[in-house]
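Structure first, then comments.
The values are calculated or read from the model by the stated rules, or taken from the named source; none is laboratory data. As the structure is a prediction and not an experimental result, all values here were calculated from the model. Neighbour counts run over all protein chains shown; Cβ positions are idealised from the backbone, glycine included. These accessible areas exclude ligands, DNA and RNA; they are computed on the full protein's heavy atoms, side chains included. Shrake-Rupley method; radii C 1.70, N 1.55, O 1.52, S 1.80 Å.
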Amino acid sequence: HFPDAIISARHILSHSSSIRDDGENYRGVIGETLESFFTPNNPNWVDGNHFSDKPIGYFCYSNLGLGLIAQCIENISGQRFDIYAHDNIIKPMGMDCGFNWSLVSDEDVKNSSPLFRRLGNDNFWTVQTDGDPISKPRPIVNAKDNLTLKDYKIGTNGLILGPQGGLRANIENLATIGQVILGANPFFDDGLRANVMKDVWQ
């Protein structure tokens, strides 16, 4: 709704970019593009509901924005997002984790636990995501028309590898990330950490 406004990475990462989610429609699917969420006459357009009426600078939560960041990373680096994140962040930080189980060791996958949710009003618990990832090709992705990850063209759909919440990590990995943010782990230099910690909106 604000075509002349410049959207920065900081706007997207702080959920102040004027992009929003429409319900739970933010899964990446091989065979679709991220562009389909933002252009009319596409399967994920949803009447343009991914554009907020609030201008840039106002908080409006968006999983889709993380897909845009991942897609930028792919187009700049020429690498798939999950591989870039592993090689440049996850591995250098000494962690065994990954997006949608990408490059996670068999040992850690075997020790994982799926998320459950209640189904309907009968209080029946069912697996919400993952199930038995050790038995599936990893990373685990959504696809249509019998497509596979081999059919994915890098830089066309930043959502498929799960930057919007698909990190599969254990409590030790999360503690490591917390130590980086707090400065106890020197992975970020002081200038970068201070930049990351700046308030963007209140």
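Within the stretch 13-28, how many residues turn out to be aliphatic (A, V, I, L, M) and open to solvent by less than 20 Å² (accessible area, probe 1.4 Å)?
Qualifying residue count, the stretch 13-28: 1.
Out of (1) buried (at least 19 other Cβ atoms within 10 Å of the Cβ); (2) in contact with a strand residue (DSSP E or B) (Cβ under 7 Å, 6 or more places away or on another chain), the odd one out for P43 is which?
So P43 meets the others, but not (1).
Could you check H15 against (1) more than 19 Å from the chain's Cα centre (by Cα); (2) farther than 26 Å from K153 by Cα and say which number it fails?
(1)
Look through S52, S77, S18 and report the one residue that is touching an Asp or Glu at 6+ places or on another chain (Cβ under 9 Å) and among the hydroxyl-bearing types (S, T, Y).
Testing whether each residue is touching an Asp or Glu at 6+ places or on another chain (Cβ under 9 Å) and among the hydroxyl-bearing types (S, T, Y) leaves just S18.
Please indicate, with yes or no, whether at least one residue in the stretch 108-117 is on the phi > 0 side of the Ramachandran plot, in contact (Cβ under 8 Å) with a residue 40 or more places away in the chain and charged (D, E, K, R).
No, the stretch 108-117 contains no residue that is on the phi > 0 side of the Ramachandran plot, in contact (Cβ under 8 Å) with a residue 40 or more places away in the chain and charged (D, E, K, R).
Suppose we filter the stretch 117-170 for residues that are in a strand (DSSP E or B), open to solvent by less than 70 Å² (accessible area, probe 1.4 Å) and either under 22 Å from L68 (Cβ atoms) or of a type in the set (K, R) (or both); how many remain?
The number of residues fulfilling the criteria is 4.
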